[in-house]
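One structure is given here, and the rest of the page talks about it.
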Amino acid sequence: MSHLIHIEIDDLDGTLLRVLGLIERRGFFIDAIEMYPIDDKTRGLSVTARAKESHRRFETLYAQIDRLYGLKRVAEPRKAAAAQKLSA
Amino acid sequence: MINQPTGAQLVISTLRALGVDILFGYPGGAIMPIYDALAGSGLTHILVRHEQGASFAADAYARATGKVGVCMATSGPGATNLITGIANAYMDSVPMVCITGQVGTHLLGTDGFQEVDILGLTLPIVKHSWLVRDPAEIPAILSRAFQIAQEGRPGPVLVDIPKDVAAAFVKDVPTTGEFPSWQPPQPDVADIKAAEKLIEQSKKPLFYIGGGVEMAFAVPQLRALMDRTGIPVVSTLKGLGAIPTTDDLFLGMLGMHGTRAANIAVQDADLLIVLGARFDDRATGKLSAFAPHAKVIHVDIDAAEINKLRMAQVGILGDLKMVLDGLHPKMQDISLWVAKCKSDKKKHAFRYDAPGTGIYAPALLKLLSEKAGDKFVACCDVGQHQMWVAQHCQFLQNRAHLTSGGSGAMGYGLPAGVGAKLALPDHHVVTVSGDGSFMMNIQEMATLRRYGIPLKIVLLDNSSLGLVRQWQRLFYEENYSEIDLSDNPDFVTVAQAFGLDAFRITSRDEVDGALDRLLAADKPTLLHILIDPRENVWPLVPPGASNAEMMEERWDEPLDSY
Ligand SMILES: Cc1ncc(C[n+]2csc(CCOP(=O)(O)OP(=O)(O)O)c2C)c(N)n1
């Protein structure tokens with residue numbers, strides 16, 4: 001079953017690859033990625049991921065993402081607000 | 001201009017402000033501004049002879065002291081040479097900060113001379129990393145790097161600094177930056193109560209401790225909880241020493257080369273109290289057959305470890321000290337269980353009465369640790385000798401068994417000895433190595449000589465890659481493939497050429513005197529010991545098998561699978 005993960009990442013070198021690499025390496029396929037600006041220093045990232053084997057647990061993946069620095073996992077993307085700000 | 005510091009000078013002044021007293025490194029093009037600022041700064045820099053040595057030495061310095069280890073290298077090959085050490089620190093959760101030089105920012109991404117994307121290469125093996133683009137940020141980034149390396153579950157942090165950033169002058173000198181001090185998560189009271197209840201219900205409880213206990217500085221708290229409860233203990237490779245290995249309730253290491261008593265206790269226990277350990281496959285054997293009757297209480301500072309490999313009935317996220325202090329279960333009578341554990345320990349105690357007159361390495365290592373007493377610190381390489389140290393040496397103190405656990409990196413022992421002896425000058429720091437491993441960082445003997453570091457080296461020479469040989473014998477039908485090292489150099493002559501004292505022993509009656517001579521030495525000294533290549537590590541749980549299936553071959557019995 002696939003999960004949709006929303007993450008807000010900083011603008012520093014490596015953060016995007018750090019989190020995408022982690023998801024793959026820890027045993028998940030990435031089926032879709034979407035990125036969107038949130039503010040000058042923050043980008044939103046939504047990843048649709050699916051476990052490669054049945055014993056790979058999303059709870060563990062979430063904890064592994066949460067222990068990275070420079071990003072935050074969020075329940076809802078702030079995409080709409082960002083889009084509004086950009087068009088304004 | 002004169003009063004404006006460069007980025008490089010900010011690196012040095014920040015390291016000093018952070019309390020760094022020693023760092024290990026090797027210079028080169030891209031990091032020259034930092035080496036320029038280093039000269040005359042008062043910081044002690046140890047020039048190793050290979051960057052891998054710098055990363056291992058920094059790692060061991062950190063393990064021995066609990067402080068952050070620091071290493072430094074130039075871009076490209078210098079940086080890639082650090083990688084094995086970074087992975088090692090990551091796998092064993094060692095707090096380390098690695099500073100690398102990088103090509104100038106205008107050359108980034110152009111395949112500049114000695115350009116390597118070290119940030120990208122190390123993403124999976126660091127806790128965090130930076131490519132510094134603004135020299136004014138150096139104090140804040142380095143300070144944060146030290147904090148991250150230590151907070152929660154420790155680990156390595158990389159700071160990559162382009163040459164122009166290090167060389168640039170900084171107008172407004174920033175302070176180191178204030179960060180909210182990190183607070184460990186408060187253990188949930190309900191979880192503690194639930195754990196107490198499981199302990200109270202248990203007839204056969206067992207502590208399974210890992211390296212997290214000493215890293216959390218929770219040794220006294222564990223001791224007190226053991227005294228309150230009388231529960232026996234088994235340990236992982238990295239947990240050895242947290243409880244003195246001579247303790248009555250200590251059953252030994254569990255897992256592939258664990259003691260029978262430890263593995264039997266785990267298989268029989270009805271409750272495992274897992275403290276700062278992570279169900280590594282070398283410890284658990286076949287996971288589905290591991291501790292089949294046990295409920296699990298898992299205490300860790302890293303939420304990602306709880307329920308990763310084995311579901312816990314009670315998972316407690318938090319600082320071990322607080323959790324252990326909070327546990328006050330009213331014990332039921334577990335004396336039958338404890339008596340069974342102790343009698344297994346006695347029944348399956350290691351034997352040292354090997355036949356013949358050749359040197360029996362397990363007996364030698366046991367004697368070495370006993371002679372060195374509570375000042376004994378072992379820095380191991382990887383192989384049979386490493387497992388013999390874990391099985392047979394006594395450890396009376398924590399932070400005294402420095403070994404490459406999760407990574408199993410041959411070559412760790414000698415540079416680790418450099419770092420550990422500098423950290424603990426009054427201890428009997430002994431590198432225990434094999435003839436294969438020793439050659440991987442043999443150049444660090446030059447570092448011993450340069451700084452007069454009186455490390456003691458025990459080189460167990462079986463003229464082969466012993467552990468690989470053992471597996472080929474047992475699991476590959478004695479098809480010995482590429483394990484012969486009978487053309488080794490004369491290690492005594494080599495060590496002497498590096499300026500060490502060195503001597504060799506070949507028979508059992510020389511052991512006692514040789515160990516006394518080694519321990520009394522006040523110069524770097526190598527003891528070269530010839531042992532029988534056919535000697536193996538027992539017991540052994542075959543890879544992928546349950547820990548209940550321990551193979552053992554004894555002098556008076558044929559190879560046996562229990
Ligand atoms: C860097 C590295 N390369 C390869 C291995 C695989 N390996 C594990 S033990 C071993 C043999 C070690 O030989 P030696 O150092 O002589 O120790 P012994 O087992 O003979 O005591 C090898 C090759 C490893 N762990 N690390």
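Is it the case, given these coordinates, that residue B:501 is within 15 Å of the ligand (Cβ to nearest atom), without any contact (Cβ under 8 Å) to a residue 40 or more places away in the chain, among the charged types (D, E, K, R) and more than 14 Å from chain A (Cβ to nearest Cβ)? Show your work before the answer.
Details: within 15 Å of the ligand (Cβ to nearest atom): no; without any contact (Cβ under 8 Å) to a residue 40 or more places away in the chain: yes; among the charged types (D, E, K, R): yes; more than 14 Å from chain A (Cβ to nearest Cβ): yes.
No: the conditions fail for residue B:501.
When the stretch B:144-180 is examined, which residues are found to be away from every other protein chain (no Cβ under 14 Å), touching a residue at least 12 places away in the same chain (Cβ under 8 Å) and under 30 Å from residue B:321 (Cβ atoms)?
Scanning the stretch B:144-180 gives B:176, B:177.
Restricting to the stretch A:47-67, and then to whatever is open to solvent by 10 Å² or more (accessible area, probe 1.4 Å) and part of a strand (DSSP E or B), can you tell me which residue is nearest to the other protein chains (Cβ to nearest Cβ)?
Only one residue fits best here, namely A:51.
Return the pair list, or none, for Cβ contacts closer than 6 Å from residues in the stretch B:467-479 that are in the same structural domain as residue B:437 (by TED's automatic domain parsing) and part of a helix (DSSP H, G or I) to residues that are at pLDDT 95 or above and within 14 Å of the ligand (Cβ to nearest atom), at least 6 apart or on different chains.
B:467/B:383; B:467/B:384; B:468/B:483; B:469/B:483; B:470/B:536; B:472/B:480
Please enumerate the residues belonging to the stretch B:305-325 that are touching a strand residue (DSSP E or B) at 6+ places or on another chain (Cβ under 9 Å) and closer than 16 Å to residue B:184 by Cβ. Please lay out each step first, then the result.
Of the stretch B:305-325, the ones touching a strand residue (DSSP E or B) at 6+ places or on another chain (Cβ under 9 Å) are B:305-307, B:310-318, B:320, B:323-324.
Matches in the stretch B:305-325: B:305, B:306, B:315, B:316, B:317, B:318, B:320, B:323, B:324.
For the list (1) surrounded by fewer than 17 Cβ atoms within 10 Å (Cβ to Cβ); (2) away from chain A (no Cβ under 14 Å), I need the number of the one condition that residue B:184 fails.
Just one mismatch for residue B:184, condition (2).
Scan the helices (runs of 4 or more DSSP H) fully inside the stretch B:192-304 and keep the ones with 1 or more residues being touching a strand residue (DSSP E or B) at 6+ places or on another chain (Cβ under 6 Å).
Working: elements: B:212-215, B:219-229, B:260-268, B:281-284.
Where helices (runs of 4 or more DSSP H) fall fully within the stretch B:192-304 and carry at least 1 residues being touching a strand residue (DSSP E or B) at 6+ places or on another chain (Cβ under 6 Å), they are B:212-215, B:260-268.
Within the stretch A:1-41, which residues are modelled with pLDDT of 95 or more, closer than 23 Å to residue B:108 by Cβ and either in a strand (DSSP E or B) or away from chain B (no Cβ under 14 Å) (or both)?
A:9, A:35
Looking only at residues that are at the interface with chain A (Cβ under 10 Å from one of its Cβ atoms) and not basic (Lys, Arg) in the stretch B:302-313, which one is surrounded by the fewest Cβ atoms within 10 Å (Cβ to Cβ)?
So in the stretch B:302-313, the residues at the interface with chain A (Cβ under 10 Å from one of its Cβ atoms) come out as B:302-309, B:311.
Now restrict to residues that are not basic (Lys, Arg): B:302-307, B:309, B:311.
Working: B:302: 18, B:303: 21, B:304: 19, B:305: 26, B:306: 23, B:307: 16, B:309: 17, B:311: 12.
If we take residues in the stretch B:302-313 being at the interface with chain A (Cβ under 10 Å from one of its Cβ atoms) and not basic (Lys, Arg), then B:311 is surrounded by the fewest Cβ atoms within 10 Å (Cβ to Cβ).
Out of all the residues in the stretch B:537-550, is one or more away from the ligand (no atom under 16 Å from the Cβ), in a helix (DSSP H, G or I) and open to solvent by 70 Å² or more (accessible area, probe 1.4 Å)?
No - not one qualifying residue is present in the stretch B:537-550.
Restricting to the stretch B:422-450, what's the tally of residues that are away from the ligand (no atom under 13 Å from the Cβ) and open to solvent by 20 Å² or more (accessible area, probe 1.4 Å)?
10
Check the stretch B:380-398 and report whether any residue there is under 23 Å from residue B:513 (Cα atoms), buried (at least 23 other Cβ atoms within 10 Å of the Cβ) and either away from the ligand (no atom under 16 Å from the Cβ) or within 14 Å of chain A (Cβ to nearest Cβ) (or both).
Yes, because at least one residue in the stretch B:380-398 is under 23 Å from residue B:513 (Cα atoms), buried (at least 23 other Cβ atoms within 10 Å of the Cβ) and either away from the ligand (no atom under 16 Å from the Cβ) or within 14 Å of chain A (Cβ to nearest Cβ) (or both).
Which count do you get for residues in the stretch B:467-487 that are touching a Ser or Thr at 6+ places or on another chain (Cβ under 9 Å) and near the ligand (Cβ under 9 Å from one of its atoms)?
Step one: of the stretch B:467-487, the residues touching a Ser or Thr at 6+ places or on another chain (Cβ under 9 Å) are B:468, B:472, B:480, B:483-487.
Applying the additional criterion that residues be near the ligand (Cβ under 9 Å from one of its atoms) yields B:468, B:483, B:485.
Here the count works out to 3.
Quickly run through the stretch B:91-125 and pick out the residues that are more than 9 Å from every other protein chain (Cβ to nearest Cβ) and under 30 Å from residue B:279 (Cα atoms).
Residues of the stretch B:91-125 that are more than 9 Å from every other protein chain (Cβ to nearest Cβ), as a first pass: B:91-118, B:121-122, B:125.
Passing the criteria: B:91, B:92, B:93, B:94, B:95, B:96, B:97, B:98, B:121, B:122, B:125.
Being open to solvent by 70 Å² or more (accessible area, probe 1.4 Å), more than 16 Å from the ligand (Cβ to nearest atom), out of contact with any Lys or Arg (no Cβ under 9 Å at 6 or more places or on another chain) and at pLDDT 95 or above, is that true of even one residue in the stretch B:451-466? Even if it seems obvious, please write down each step before you answer.
Here is the first cut: in the stretch B:451-466, the ones open to solvent by 70 Å² or more (accessible area, probe 1.4 Å) are B:451.
From what is left, the residues that are more than 16 Å from the ligand (Cβ to nearest atom) are B:451.
So of that shortlist, the ones also out of contact with any Lys or Arg (no Cβ under 9 Å at 6 or more places or on another chain) come out as B:451.
Imposing the further condition that a residue be at pLDDT 95 or above reduces the set to B:451.
Yes, some residue in the stretch B:451-466 is open to solvent by 70 Å² or more (accessible area, probe 1.4 Å), more than 16 Å from the ligand (Cβ to nearest atom), out of contact with any Lys or Arg (no Cβ under 9 Å at 6 or more places or on another chain) and at pLDDT 95 or above.
With respect to residue B:342, determine if the residue is outside the structural domain of residue B:442 (by TED's automatic domain parsing) and either within 28 Å of residue B:288 (Cβ to Cβ) or in contact (Cβ under 8 Å) with a residue 12 or more places away in the chain (or both). Don't jump to the end; show me each part of the working.
Working: outside the structural domain of residue B:442 (by TED's automatic domain parsing): yes; either within 28 Å of residue B:288 (Cβ to Cβ) or in contact (Cβ under 8 Å) with a residue 12 or more places away in the chain (or both): yes.
It is true that residue B:342 is outside the structural domain of residue B:442 (by TED's automatic domain parsing) and either within 28 Å of residue B:288 (Cβ to Cβ) or in contact (Cβ under 8 Å) with a residue 12 or more places away in the chain (or both).
Right, residue B:201: open to solvent by 100 Å² or more (accessible area, probe 1.4 Å) and within 18 Å of residue B:232 (Cα to Cα) or not?
Working: open to solvent by 100 Å² or more (accessible area, probe 1.4 Å): yes; within 18 Å of residue B:232 (Cα to Cα): yes.
So residue B:201 fits the description; yes.
So which residues in the stretch A:29-72 are under 27 Å from residue B:311 (Cα atoms) and among the basic types (Lys, Arg)? First the steps, then the outcome.
So the first thing to find is which residues in the stretch A:29-72 are under 27 Å from residue B:311 (Cα atoms), and the list is A:29-30, A:47-69, A:72.
Hits for the stretch A:29-72 are A:50, A:52, A:56, A:57, A:67, A:72.
Those residues that are free of Cβ contacts under 8 Å to residues at least 60 places away in the same chain and more than 11 Å from the chain's Cα centre (by Cα), I need them from the stretch A:10-20; list them, please. Break it down stepwise before answering.
Narrowing the stretch A:10-20 to residues free of Cβ contacts under 8 Å to residues at least 60 places away in the same chain: A:11-20.
Hits for the stretch A:10-20 are A:11, A:12, A:13, A:14.
The values are calculated or read from the model by the stated rules, or taken from the named source; none is laboratory data. Everything quoted here is computed from the prediction, not taken from an experiment. No Cβ is skipped: glycine too gets one built from the backbone with ideal geometry, and neighbour counts run over all protein chains shown. Just so you know, the surface numbers come from the protein's heavy atoms only, side chains and all, with ligands and any DNA or RNA stripped out. Shrake-Rupley method; radii C 1.70, N 1.55, O 1.52, S 1.80 Å.
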